Amino acid sequence: MFAGLNAQVLGISIDHVPCLQAWADSLGGISYPLLSDFWPHGQVSECYGVLRKDGTSERAIFVIDRDGIIQYIDIHDIDEQPSNAELREVLRRIDPQAAASTESEAPEQPLPHGGIVMYCTPWCSDCKQARAWLEEQHLSYTEVNIAQNRKAAAQVRAWANGNETTPTFDIDGVIVVDFQPEKLKELLIR
C-alpha cells in the first residue's frame, strides 16, 4: 500500500488479541502489525484523544514523523474508507525523496474492460458477499483491489460520486455501485 515510502503502518484497537487475530483472519491476513489497547483499557486511545466515554474508540488515522510529531490526523466514521491517496500525499510531504523514488518504480497497468469487473477491497464485507454471490451464479469475473491500484480507486470515485464505494461493478460498460443482487441478477442472469 505504501511500499517504498519509508513508513511503518500499525493498527491499534481496544479489542483483545484473540479478537484482533480473528479480524485479521477474516480479511485473509494483513500486512502490518496489529496492537491491542485492551489493558489498561483504551489507555493509548485516551492519550491520543480518541477514546469515547462509552469505552469504544473513534476510527482514526495518525501519521507520526520520525521525530514523534503528529503530522496528520483523520477521525472518520467506522463505515468510511479513508483516502489512501490523501495518506500518500501526507507521506510524500514528510519524505519527498522516498516518495520520488517510488513514483518511478512500477507503471500502472490499464484497467480491465469487458465482462464482469469487480472493484473491491480485501476487508469489505459487501465484497465478500458479492464474491460468494458471483460464485453461486457460476459467473466468472475479474477482481481489482482499489486499495492497491490508485487508478482503479480514482475510477471508482468517478463512478460513485467521489466515494470509494466497494464493491463497484463494471459489467460490459454498465456501472453498478455497491452490492445490489437484484440489479446484478437483472443484468447478468437471463
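Data overview
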| quantity | calculated |
| --- | --- |
| Within the chain, longest stretch clear of exposed GluC sites (Glu not before Pro) (DSSP loop, no more than 13 other Cβ within 10 Å) | 109-190 |
| Compactness of the stretch 11-103 - radius of gyration and Dmax, Cα, Å | 14.9, 44 |
| Mean separation of Cα contacts under 8 Å, 6 or more apart, over the residue count of the stretch 116-188: relative contact order % | 36 percent |
| Reach of residue 151 by Cα under 23 Å, taken over lysines that are not fewer than 8 positions away in the same chain | 128 |
| Gyration tensor verdict on the stretch 49-183 (Cα atoms; rounded if a/c is under 1.5, prolate if a/b is larger than b/c, oblate otherwise) | oblate |
| For residue 124, net neighbour charge (Lys/Arg +1, Asp/Glu -1) across residues whose Cβ lies under 11 Å away | -2 |
| Farthest toward positive dipole pole in the chain [+1 Lys/Arg, -1 Asp/Glu at C-beta], among 83, 176, 165 | 176 |
| Relative contact order [Cα under 8 Å, 6+ residues apart], the chain, whole percent | 16 percent |
| Relative contact order %, the stretch 11-103, counting alpha carbon pairs below 8 Å whose residues are six or more apart | 18 percent |
| Order of 32, 119, 141 under a 10 Å beta carbon neighbour criterion, fewest first | 32, 141, 119 |
| For the chain, size of Cβ-based charge dipole, Lys and Arg +1, Asp and Glu -1, in debye | 200 debye |
| For the stretch 116-188, alpha-carbon Rg over 2.2 N^0.38 Å | 0.99 |
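Coordinate-derived values only; no laboratory data. This one's a predicted model, so the numbers in the text were calculated from it and none came from an experiment. Positions of Cβ are backbone-derived with ideal geometry, glycine not excepted, and every protein chain shown enters the neighbour counts.
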